[in-house]
Amino acid sequence: MSTEAATLGPARIALVGNPNSGKTALFNALTGSRQKVANYAGVTVERKEGALTTAGGRTLRILDLPGTYSLRARSPDEVVTRDAILGRLAGEPAPDVLVCVADATNLRLVLRLVLELKQVGRPFVLALNMYDIAQRQGLRIDLERLGAEIGAPIVTTVATRKRGLDDLIAQAEALTISHAGEHASTWREPNAAEIRAAHAEAQRIFRACVKPPERPDTITGKIDDVLLNPAAGLLILATLLFVMFQAVFTWATPAMDLIDGGFAALAGWVGAHLPEGLLGSFIADGLIAGVGSVLVFLPQILILFFFILLLEDSGYMARAAFLMDKIMGGAGLHGRAFIPLLSSFACAIPGIMSTRVIDNRHDRLTTILVAPLMTCSARIPVYTLIIGAFIPQTTVWGFLSLQGLVMFGLYASGIVSALLVSFVIRKVFWRGTVEPFMMELPTYRWPEPRNVLLNLWTRAKIFITRAGRIILPLMVLIWVLATFPYPPEGATGPAIDYSFAGILGGWIEPLLRPIGFNWQMSIALIPGMAAREVAVATLGTVYAVSDPDGATTALSTVLSSQWSLASALSFLAWYVFAPQCAPTLGVVKRETNSWLWPTVMFVYMVALAYLAAFATYHTAVALGAG
Amino acid sequence: MSDALAFDSSTDLASLGRSLGEASRGDAGVIVSVTGQTGAAEAVEADELERRLLEMGFVEGAHVEVLHEGLFGRDPIAVRLDDTRVALRRREASAVTVKFDRTPT
Ligand SMILES: Nc1nc2c(ncn2[C@@H]2O[C@H](COP(=O)(O)OP(=O)(O)O)[C@@H](O)[C@H]2O)c(=O)[nH]1
Ligand SMILES: [Mg+2]
C-alpha cells in the first residue's frame, strides 16, 4: 500500500475542536511547526497550514483552525473555522478528512460538536488528546463503544509528547482512501431545539462510554480558592505583574552588563585596529553602537516573555480575565478583550490580530484602538535606557528597586490610559449594549518546559533577526545621514550639526521644543516609526558620531550628561502614547479593511503623546528638574 | 442525579427554580430551564443568547455550582458546570433557571 499511497496526490486534513483541546500542539507535533500554544481559549485566530510526509511517502497537508464550540460561527475567528470545514473559502475545497481534536478529560461538549461535524459529510477521526491526563486521573473511556456510537475511528494522543501520532496519521490516511462516511453536507445552523436534542444524544453517548475519573483533578479547585478569592485575587494579580517588572530589571542586569561590555570592547578593538576614518567610524559608530544598543535588551525581553509564558501555559490567563472583567467592563471593554490586550504587552500586532475572537464590531474596534497603549516589548529598550540614565539605582522601603518602580509606573500609565480611552470611546462615540461574556476556565497544568524554552528561543530569534533585518539597514542609513555632508571649511560647531541628520533634526526640533526635545531626540523619532527600539539605536549612532570617544562611552552616560531630567521624563511620556510603529498601523489597516482606523489611531495617539509629554516636561521644569 | 428533570423545560418546572444570576457562592443544583431572556436590554437576541448558553453546556439537566464571585458587585461568577468550569456575568446567568438543592449556611 505504501507505493500506492505515494502515487496518490496530497490530501488535506483539518484539525477542529473545542478551544484549548490541543489542536495547535498536535499541529506542531505533526508538522514540526512552532505555532503558539497556550492554556486558554482564543490563541489561534487564523488558519495555519503545514505539511507532513507519511511513512509511505505521501504528503498530507494539515490545517490548524481556531477552536469553536459549534459550527454556528459568531466571531471572525469562528467564521474561518466554519468556512474552511464547509469548503466555502475562496479557492479552497473542503478538507478530505477532518480530525476532531478532543480534550479526553472534557468530552461532554465536544461530543455535541462531533454530531454537528457528522452532518458536514467529511470522513473524520476523533483524536482523544491529553490522554496522559485522562490516564493519570483514572478516567475510563470505552473506545470501541465510542467509535461505534459516533461512527468514526478513534485514536488517543498526547500532543505534547508526540504520542499516538502514527496511529492518527494512519487512520486519517486510510480515510482519504476509503472515504468512509463521506456524503453531501446536510449541515445548517441548528436552532435551540436542535442543539438541545444534540445535547441529549451526546449525553447518552457520554454516559454509555465514559466512567467518571477515579482520581479527579482537585488541585484546580484548591488553587482557584486562593487565586479567585474576591479580595486576595486582584492583589495577587497586581503582585504578579509587579514582581514581573521588578525581575525584568534586577535579573537582567548581569547579562546586560556582559553584552554591553562586549560591544564596548568590540568598538574599542575596531577603533584601535582600523585606520581612523570613514570605515572605522562606520563600523564602530554605525553598526556596533547602533545595533549593540538594541541587542543589549535581549535579556530583559526574554525575562518578560518567560513570565508571560508561565502565566499562559499554567492556565492563569483565563483567571486574570475573570478578575479584571468588571474593571474592563466598566471601561466599556468586551470581556474577551483582556487576552488581546495582554498579548499586546509582547507586541500590539498579535494582540490586534487576536481581537478576532470578539464578535461585536464596535467592541472589536475599541479593543484594536487601545491595544497599542499597552506597553509592548519594543518599548523596553527606550524605557530602560532612559530609566537607567536618569533614575538612581536606589532601593525603596528596603527591597524595591526604584528603577523597577518607575518601569511599573510606565506600564501602569499605559493600562490606565487604555481604560480611559476605551471609556471615552464607548460612552461618547459608540454607546452600545454589553455583549455576553462566557469563558471556560481551563484546568491548571504545569507549564511544559519544552514549550516554554522553544517559545523563548523563537522570541530571541525574532528579536535578533529584527535587529539584523530592520535595525541594521536603518543604522547604515542613519550613519550616512549623520556623517554627510562634511562641515564646510572653517566651521566652528560640531560636524554633525552640518550633516543631513543635523539639518533634518533642526527642522523638526521647533515643533518638539515645547515638549523639551532636543534635535537628537527629534530625529530619533523618525526611524523609530519602523520599529520603536530603533530610536535607541539612532540615539546610539547620533551621539557616537558626535562624540570623540565614539562608541566606547555607554549611551546612558552620554544621555545623562546631555539631557535634562525634564526632557528625559518627557521622552518617556511621549513613548507611552506615541503610535510609532508603522507595522502596527499596517495591521490595523488589514484587520479593519480601511485606512480610516489607522488614521484615527495615529492622530489620537500623537495628540495624547504630545499632551502627555508637554504636561510632563512643564511640570518637571516647574519642580526644578529643567 | 435528577435524571427525570433532564431536558425538560416546561414552565412549571422552571417555576421551581431560581435564577442563576441571583445565586451566591456555594449554591448548587440542576438547571431546569434556559431561555435567553435576561430581563435587561439585550445586546444579542434572546434566541442567540439561548443558543450560546446551550453550546457552552448550560442545558437542562446539567449540574451547576457557584464556585467564585468577583469582587465588585459579586460579578462575574465562576461556576462548575458538570465537569467544566465556566466564567460568566450575572446578566447572562439570569437567563438560566436552576433548582438549587443546597444553599450556603
Ligand atoms: N498534558 C498535555 N497537555 C497538552 C496536550 N496537548 C496540548 N496540551 C496543552 O494544552 C494547552 C492547549 O493547547 P493548544 O494547542 O494551544 O490548544 P488549542 O487551543 O486547541 O490549539 C497547552 O498548554 C498545551 O501545552 C497533551 O496531550 N497533554
Ligand atoms: Mg490553537
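The values are calculated or read from the model by the stated rules, or taken from the named source; none is laboratory data. Note that the structure is predicted; figures quoted are calculated from it, not measured. Cβ sites come from the backbone with ideal geometry, for glycine too, and all protein chains shown count toward neighbours. All accessible areas refer to the heavy atoms of the entire protein, side chains included, with ligands and DNA or RNA removed. Shrake-Rupley method; radii C 1.70, N 1.55, O 1.52, S 1.80 Å.
At-a-glance table
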item	result
Total residues in the stretch A:184-236, condition touching a Leu at 6+ places or on another chain (Cβ under 7 Å), away from chain B (no Cβ under 11 Å) and of a type in the set (A, V, I, L, M)	2
Residue in the stretch B:66-74 that is at the interface with another protein chain (Cβ under 8 Å from one of its Cβ atoms), crowded, with 20+ Cβ neighbours inside 10 Å and closer than 20 Å to A:Asn20 by Cβ present	yes
Some residue of the stretch A:163-186 being touching a His at 6+ places or on another chain (Cβ under 9 Å) and of a type outside the set (S, T, N, Q)	no
Of the criteria (1) at the interface with chain A (Cβ under 7 Å from one of its Cβ atoms); (2) open to solvent by 30 Å² or more (accessible area, probe 1.4 Å), which one B:Ser24 fails	(1)
Count of the stretch A:5-64 residues which are more than 9 Å from ligand 1 (Cβ to nearest atom), under 30 Å from A:Ala320 (Cβ atoms) and without any contact (Cβ under 8 Å) to a residue 60 or more places away in the chain	3
Which numbered condition A:Tyr444 fails, given (1) within 14 Å of chain B (Cβ to nearest Cβ); (2) more than 30 Å from B:Glu92 (Cβ to Cβ); (3) among the hydroxyl-bearing types (Ser, Thr, Tyr)	(2)
Listing of helices (runs of 4 or more DSSP H) fully contained in the stretch A:511-607 that carry 3 or more residues being of a type in the set (Ser, Thr, Tyr)	A:534-546, A:555-562, A:565-577
Looking only at the stretch A:4-30, and only at residues there that are open to solvent by 30 Å² or more (accessible area, probe 1.4 Å) and more than 9 Å from ligand 2 (Cβ to nearest atom), the one that is farthest from A:Leu63 (Cα to Cα)	A:Glu4
Some residue of the stretch A:348-357 being surrounded by 24 or more Cβ atoms within 10 Å (Cβ to Cβ), more than 12 Å from the chain's Cα centre (by Cα) and away from chain B (no Cβ under 13 Å)	yes
Boolean, A:Thr367 is in a helix (DSSP H, G or I), within 20 Å of the chain's Cα centre (by Cα) and modelled with pLDDT of 85 or more	yes
Positions within the stretch B:45-65 being within 7 Å of chain A (Cβ to nearest Cβ) and surrounded by fewer than 19 Cβ atoms within 10 Å (Cβ to Cβ), in sequence order	B:Asp47
Qualifying residue in the stretch A:427-435 (condition: at pLDDT 80 or above, assigned to a helix (DSSP H, G or I), more than 30 Å from A:Gln246 (Cβ to Cβ) and within 14 Å of chain B (Cβ to nearest Cβ))	no
Boolean, A:Thr599 is without any contact (Cβ under 8 Å) to a residue 24 or more places away in the chain and either crowded, with 19+ Cβ neighbours inside 10 Å or under 26 Å from the mean Cα position of the chain (by Cα) (or both)	yes
Residue that is modelled with pLDDT under 90, touching a helix residue (DSSP H, G or I) at 6+ places or on another chain (Cβ under 7 Å) and within 30 Å of B:Phe72 (Cα to Cα), where the choices are A:Phe282, A:Phe242, A:Phe263	A:Phe242
Some residue of the stretch A:89-102 being within 20 Å of A:Arg445 (Cβ to Cβ) and either away from ligand 1 (no atom under 13 Å from the Cβ) or touching a helix residue (DSSP H, G or I) at 6+ places or on another chain (Cβ under 7 Å) (or both)	yes
Output for the stretch B:32-41, where each listed residue is in contact with a helix residue (DSSP H, G or I) (Cβ under 8 Å, 6 or more places away or on another chain) and either outside any loop (DSSP other than H, G, I, E, B) or within 7 Å of chain A (Cβ to nearest Cβ) (or both)	B:Val32, B:Ser33, B:Val34
Test: residue in the stretch A:41-51 that is more than 16 Å from ligand 2 (Cβ to nearest atom) and either more than 14 Å from chain B (Cβ to nearest Cβ) or at pLDDT below 90 (or both)	yes
